[in-house]
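J.: I am attaching a structure below and will ask some questions about it afterwards.
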Amino acid sequence: MTYAELKTNIAAWLHRDDLTGYLDTFIALFEARASRTLRTVEMQVLEIVTPTSEFQALPTGWQEFKNVQYNGTYATTIEYASPQKIAAAGLISGDPAYYTLNGNQVEFSPSAEGKTIEWTYYQSIPALSSSNDSNWLIEKHPDYYLWGCIHQALLWALDDRAAQVAQMVGGYESEIESASRNAYSGPLNVTAS
């Protein structure tokens, strides 16, 4: 399903042709919700950064970290800590051991300046538009996309069916996350050589 087809289908399934001016809003609201709640391997991005200070800007589209590590002599996990814990620890030298979020930046303690940091994070669902006709989510799960947008339209219209559709959308999310986990987590087979 393409972006244009999605818009046509939303209006058709709602049996309303007076909502064309709102369809982009329903799509954007659904994408924002899916980005906050859905966690699949397709959303994961691995980046290697070398901060130039104790701060590093959050990646574009960042939703949540899965892993943050320092790649020194050995790869070492950098643990999340509250800003208060980092301030109280007062670490000023050594390898980065903690990170926290400070606005739209990641703060490392001790500083990660000039050090190789590898992080895996969940990125937002790529937004559909007239110039971006498709994304991985609508290609793999057009039903979830359609019903998520219909849910947003029903909420806007204060329609009593919104709660029923919300349950269905939540079921789709569970199925998608389960399928993502199962597809990428098969048994480890070790053979002797």
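J.: Within the group 50, 60, 73, which residue is surrounded by fewer than 13 Cβ atoms within 10 Å (Cβ to Cβ) and farther than 18 Å from residue 97 by Cβ?
T.: 60
J.: Residues 128, 154: which one is at pLDDT below 90 and surrounded by 18 or more Cβ atoms within 10 Å (Cβ to Cβ)?
T.: Answer to the check: 154.
J.: Would you be able to tell me the number of residues in the stretch 1-47 that are open to solvent by 40 Å² or more (accessible area, probe 1.4 Å) and of a type in the set (Gly, Ala, Ser)?
T.: Total satisfying the criteria: 5.
J.: Considering (1) surrounded by 14 or more Cβ atoms within 10 Å (Cβ to Cβ); (2) modelled with pLDDT under 75; (3) of a type in the set (Gly, Ala, Ser), say which one residue 166 fails and leave the rest.
T.: Answer for residue 166: the failing condition is (2).
J.: Pairs under 8 Å by beta carbon, first residue in contact (Cβ under 8 Å) with a residue 40 or more places away in the chain in the stretch 24-46, partner crowded, with 16+ Cβ neighbours inside 10 Å and of a type in the set (Asp, Glu), six or more apart or different chains?
T.: 34/173; 37/173; 38/173
Results for (1) polar (S, T, N, Q); (2) at pLDDT below 95; (3) out of contact with any Pro (no Cβ under 9 Å at 6 or more places or on another chain); (4) open to solvent by less than 50 Å² (accessible area, probe 1.4 Å), shown as yes or no for each residue.
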| residue | (1), (2), (3), (4) |
| --- | --- |
| 64 | no, yes, yes, no |
| 83 | no, yes, yes, no |
| 87 | no, yes, yes, no |
| 94 | no, yes, no, yes |
| 114 | no, yes, no, no |
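J.: Based on what the data block shows, is residue 105 closer than 28 Å to residue 128 by Cβ and either of a type in the set (S, T, N, Q) or open to solvent by 60 Å² or more (accessible area, probe 1.4 Å) (or both)?
T.: Judged against the criteria, residue 105 is not a match.
J.: Where in the stretch 46-139 are the strands (runs of 3 or more DSSP E), entirely inside, with at least 1 residues that are aromatic (Phe, Trp, Tyr)?
T.: Working: elements: 55-57, 62-71, 75-77, 98-102, 105-109, 117-123.
So the answer is 55-57, 62-71, 98-102, 105-109, 117-123.
J.: Also, quick follow-up: Assuming residue 139 fulfils every condition listed in (1) at pLDDT 95 or above; (2) open to solvent by less than 70 Å² (accessible area, probe 1.4 Å) apart from one, which condition is it?
T.: (2)
The values are calculated or read from the model by the stated rules, or taken from the named source; none is laboratory data. The model shown is predicted, which means the values in this text are computed figures rather than measured ones. When we count neighbours, we look across all protein chains shown, and the Cβ atoms used for this are built from the backbone with ideal geometry, even at glycine. Side chains included, ligands, DNA and RNA excluded: accessible areas come from the protein's heavy atoms. Shrake-Rupley method; radii C 1.70, N 1.55, O 1.52, S 1.80 Å.
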